[in-house]
Ligand code: GDP
């Protein structure tokens, strides 16, 4: 069955097309934040390492509450060198927000990520951003983006193609750039209405594929992924299926994505994207399952380490 209270969406954007500005704007407009909370903070590239390298390495996830739905926005690495990670990250999503600059149009570097997302079966939502630019050419940029979708994902992509024109800077999204709307609601509506909720097996035993790793100096490795079946509680024992072994491990901190970051949760269930602390030596591609009677998911085909520093 599909869960209707969650949307898992990856963001695909070329650098400088406005991802950070757009996410800030969506968060502000979701009504949950006072501006002060976000003042001066650029959410998606708050990681020092990332800033140093000028590239997104660790996937950053944030969540936007809207119309009783939690929209998880999952960042994608913007560079083809991180191909393996791209393939894993898109597995968590059912939708892709494809951000395109109205003046520049889609850039060649985003092809790769978009292709992986379409192969994974996600529903693309094209956002032609920066329509306020005097040199913007929103309709042409949209046509180029739709052509790219058709080329990479087949002509079917053109049926019911979902798109909006937006200015993240001025804080609006609209289906018709001649009539500006006052807010981002048309985009939030599209994310909720056009992207399907996650397909889940709630009654089945716990299964989650570890898709990404994060790291904290205090707790070490943090396993991130989407629960595909069952539920998980903080403190419970799980079976960790690794490449060459399986072992019982205890879930330490359990977190769901929320607004700007992670928030502790007692439990989470199929469809949720979560972070788990306390699983020593957990690896990308491992399955987390019930301690008794669990089964492993197929390991991901691309399995090279992308976080050399961990
Ligand atoms: P990112 O690299 O994709 O995260 O892009 P940023 O959000 O950092 O934006 C890159 C630049 O584009 C910044 O100078 C933003 O102020 C600018 N920008 C973002 N959105 C818009 C927009 O809707 N209109 C205009 N004119 N500029 C924008």
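Worth pointing out:
- Checked against (1) within 15 Å of the ligand (Cβ to nearest atom); (2) more than 20 Å from the chain's Cα centre (by Cα), residue 150 meets all criteria but (1).
- The set of residues from segment 161-184 being more than 16 Å from the ligand (Cβ to nearest atom) and in contact (Cβ under 8 Å) with a residue 24 or more places away in the chain comprises 161, 162.
- Candidates 176, 135, filtered to the one that is part of a loop (DSSP other than H, G, I, E, B), exposed (fewer than 15 other Cβ atoms within 10 Å of the Cβ) and modelled with pLDDT under 90: 176
Per-residue answers, yes or no, for (1) within 16 Å of the ligand (Cβ to nearest atom); (2) at negative phi; (3) in a helix (DSSP H, G or I):
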residue	(1), (2), (3)
92	no, yes, no
115	no, yes, yes
128	yes, yes, no
144	no, yes, yes
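- Pair list, Cβ < 7 Å and 6+ apart or interchain, from segment 13-25 residues that are farther than 14 Å from residue 104 by Cα and more than 7 Å from the ligand (Cβ to nearest atom) to residues that are in a helix (DSSP H, G or I) and at pLDDT below 90: 24/38
- Each residue in segment 18-36 was checked for being in contact with a strand residue (DSSP E or B) (Cβ under 8 Å, 6 or more places away or on another chain), part of a helix (DSSP H, G or I) and at pLDDT below 85, and 1 pass.
- Any hit, segment 98-108, residues being modelled with pLDDT under 95, in contact with a strand residue (DSSP E or B) (Cβ under 9 Å, 6 or more places away or on another chain) and within 13 Å of the ligand (Cβ to nearest atom): yes
- Residues of segment 199-231 that turn out to be assigned to a loop (DSSP other than H, G, I, E, B) and modelled with pLDDT of 90 or more, as a count: 6
- Of the criteria (1) more than 20 Å from residue 76 (Cα to Cα); (2) within 19 Å of the chain's Cα centre (by Cα); (3) crowded, with 17+ Cβ neighbours inside 10 Å, which one residue 189 fails: (3)
The values are calculated or read from the model by the stated rules, or taken from the named source; none is laboratory data. Please read these numbers as outputs of a predicted model, since none were measured by experiment. Backbone-built Cβ (ideal geometry, glycine too); neighbour counts: all protein chains shown.
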